[in-house]
Structures are given as structure tokens and as C-alpha cells.
Amino acid sequence: MIIAKHKMGEWRLLDSGVDSQQAQKCRRTELSLKDLGKVKKYISLVLRLVVAVAGIAYIAWSLTWTDSLLLPSGYELWDGYTVNAPTEYKVISENASGYEIDVNDLKRELYVPLNSIGKEATDVQYRPGIVTTLKDADYSKLWLGLILIGIMFPIQGIRWWILMKCRGLEVPKLKAVRLTLVGLFFNFCMPGMTGGDVVKAYYAAKGSGRRGVAVMSVVFDRIAGLFGLIILGGVVGLFMLDNELARQITIGIWILIVSITIMGIAYFSQRIRQLLGIKWLMDRMGEENIFARLDHATVAYRHHKGAVASAIAISLPVHLCQVTAVAVAGYALGMQIEWGLMYMVLPVIFLAGSLPISYQGLGVMEGLGFAFLATSDLATNNQVVGMLVLMRIFFVIYAVLSSILVLRGNVHLFPQEEAAEEAS
């Protein structure tokens, strides 16, 4: 009979007379489990890449790539041809006096004068393609959007610093902001699905001596940010209840807020944890179990309600900057959506984009944008896509600038020399 234990990644036999083949079988089993973990990781990566590619394909299919004119029913062209139903025709060329269009059913090109273009249903409506939409953008508004995005990162760093400080992790504010920017770089400018939060958690934990606390500070920072985002949309929605779409979205947001609040109270309440068996389960796992340690680091935040409330409150100006920047980008492209609806809908779109469904929310955010914002008279699919593309460009610009911090190195929160001395 074989008696073996696993220690430091190796199988060691306690009985010198056991069959070596059994020992090899144990090693093969261990390797098989490791290989299985790698396979699951690669499958997850492939699935997310497939979703991302599908999202990109959906975006490409939804775009109008060429400029066109929508001719209303009954519109009579200069040669006597009358349009029987509202029809969209591709623009072949344009000049100072009008547009030349490709009328496929007549197999020839016709001319539409510029003075017939308007915005009413009875007018000829000009519909620019995605290239024209971006080319004709108001660049002064785009610069404003870029500046607003830049304001977010120092505030995010301070929010994270608050959540670390209340748990006894003494870190300079500047280092927290710097590592926040490093996380942004890895989130946008590196291949794969690792994400900036994982990088932040790694460097925060390294040398801290309290890895569980450091990792949970990153997780709690993300939770506080997302909860603040939901609250922003819910509060704005209360002032737009006369709008049917806004009312429906607001109801959904507040149901989500109440649900999250109830679950949070249940998780942090010692009495409810006992009733649900969570405390029993964590005690059974033991203090050295990674899940038990993370749970302990999470529950500890119930003793720091002020810090948690401050982190959520600080999230509001962060998301105000982001929503305003993205809305301004939309207005730079010619969108006519009212400000209030933007401030309520965009948080919902950002929340969906934060889910690990596809890379940077490709396809997911655009789909919601089409559903909530794309209307014939206020915004087009091209403008919605252009707005979200510009948002990603804003972030990528700061991510590229953050690469300077990565190249300089020494992005640890805690001095590694001191940590090494303490370990020895």
C-alpha cells in the first residue's frame, strides 16, 4: 500500500518499500491536473477571443461605411423619376451644389441638389458614413474629452489608497496613482486577457507581507467603482422619469442597487453568515486556505464603513468625468441626445462593458448603444460606434503614456529590499 504526501510540488514516499510505479502514477496524476488547468485556461481565452471577434464583426456589419442620401416617399428627381418609398442611395460624388447618387434600380447615376437636403421626414436626409463622421468631428470637443479622461486616474489612485490605508497598508498616494496607471497600460496595451487589476494585485501584494489584504484592496476598489457607476445612473434617472426609456432603465438600475445592497449586508453580517453556513465553511477550510484568507480580508472591511463609503463617493466624480468625456465625444460627432439621457444610459453601457465577456466590451457596449441611443433623428449607428471608439482611443492614449512608468520599472508599492530583509 502506498502512503504519499504532496509537499513543495513533489511527491515524497513515506514507505521505502512501496512500488515505484505507484509513485510515478501519483506524479502523472499531478501533472495531468496541472495540464487540465492549463487547458481550461486556454479554452477560456479562446472563447473570449471568439466573442471579441464576433463583437468586432457585429460592429463592422452595423456600420454604414459610405455616405448616402435617404430620399423620402414621393420625392421627384430632376429627370422625372419619383421615389415610391423612403429609400437610401449611395453617394458617388459631391460638389458645392449637390450630390450624385447611384440609383441601382435605374442602373444609372442621378443628381440631387444641395438645397433639397433637410432633417424633416419629407426632406432628403444626408447620412454620412463612418469615415465622414469621424473626419467631420469637432476636435475642440475631442480635446476636452481627452482632458476629462486624464482627470480620472489620480482620483482612482486615491480611492485605492483609502482602501489600503484603512487596512493598515501604508503606501504613498503617488505610488498608488502610479500603479493605477501601470494597470491601465496592461489593460489596454498588452495581448491576452490578463487585465490591469491582476497586475495591480500582483505588485500590491509583493513585499506587503499581507497578500490577502493587498489583493482584496484591488477587488474592493473595483467593486466600489462599479457600485458608484450604478448609483450615478440611478440618481440621474430619478430626474428623467417623464421619459419612457429613462423610466424603464431607472427602475432596472434601482432594483440592481437594492439587490447588491441586500447581498452586501447579508455577506458582512456575522449573524446571517452563521445562518447561511458561510462561517462554518470558512472555519472548515482553515486559516491557511487561500479562500478563507481572502474571505477574512473581505469581511474586515465591515469595520471600515467610512473608508468604504468614501471610496464609493469618490467614484462619482471619476464616472462623471468618464461619462462627460464620452458624451462630449458623441456631441463632437453630431449626436443630438439630451445630456440627462446620456448620463443615465452611458453608465449602463460601461457596466456591461466591464463584464468579462469580450475584450474591452467590443460588441456588447455597441449593442446596448444601438438599443438605447441610436434613433433616426438623434443619433446614428455610426455616431454611437464612433463615440465608443473615441472613448477607447482616449484610454489608449493614456495607456501608451503610462508605458513610460513601466519602462522605468520599480512599480512595487513596497520597497523590495526591506521586504527581503524582513523575510530573512
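The values are calculated or read from the model by the stated rules, or taken from the named source; none is laboratory data. Note that this is a predicted model, so its numbers are computed, not measured. Cβ coordinates were reconstructed from backbone atoms using ideal geometry, including for glycine residues, and neighbour counts include every protein chain displayed.
Find the residue count for region 355-372, including only residues that are part of a helix (DSSP H, G or I), touching a residue at least 12 places away in the same chain (Cβ under 8 Å) and over 19 Å from residue 225 (Cα atoms).
Qualifying residue count, region 355-372: 8.
Which residues, counting only those in region 313-330, are small (Gly, Ala, Ser) and under 15 Å from residue 384 (Cα atoms)? Break it down into steps so the answer makes sense when it comes.
Within region 313-330, the first condition is being small (Gly, Ala, Ser), and the residues that meet it are 313, 315, 325, 327, 329-330.
325, 327, 329, 330, listed by residue number.
Kindly list, by first and then second residue, each pair from a residue in region 169-193 that is at pLDDT below 85 to a residue that is among the small types (Gly, Ala, Ser) and outside any helix (DSSP H, G or I), limited to pairs with Cβ atoms under 6 Å and residues at least 6 apart or on different chains.
Going by the 6 Å Cβ cut-off, the qualifying pairs are 187/195.
Check 312, 337 and return the single one that is of a type outside the set (S, T, N, Q) and either under 28 Å from residue 215 (Cα atoms) or modelled with pLDDT under 85 (or both).
On the way: 337 fails: either under 28 Å from residue 215 (Cα atoms) or modelled with pLDDT under 85 (or both).
The conditions single out 312.
State which residue pairs qualify: first residue in the same structural domain as residue 159 (by TED's automatic domain parsing) and inside region 283-310, second residue hydroxyl-bearing (Ser, Thr, Tyr) in any location, beta carbons under 7 Å apart, and separation of 6 or more residues or different chains.
So the pair list comes out as 308/301.
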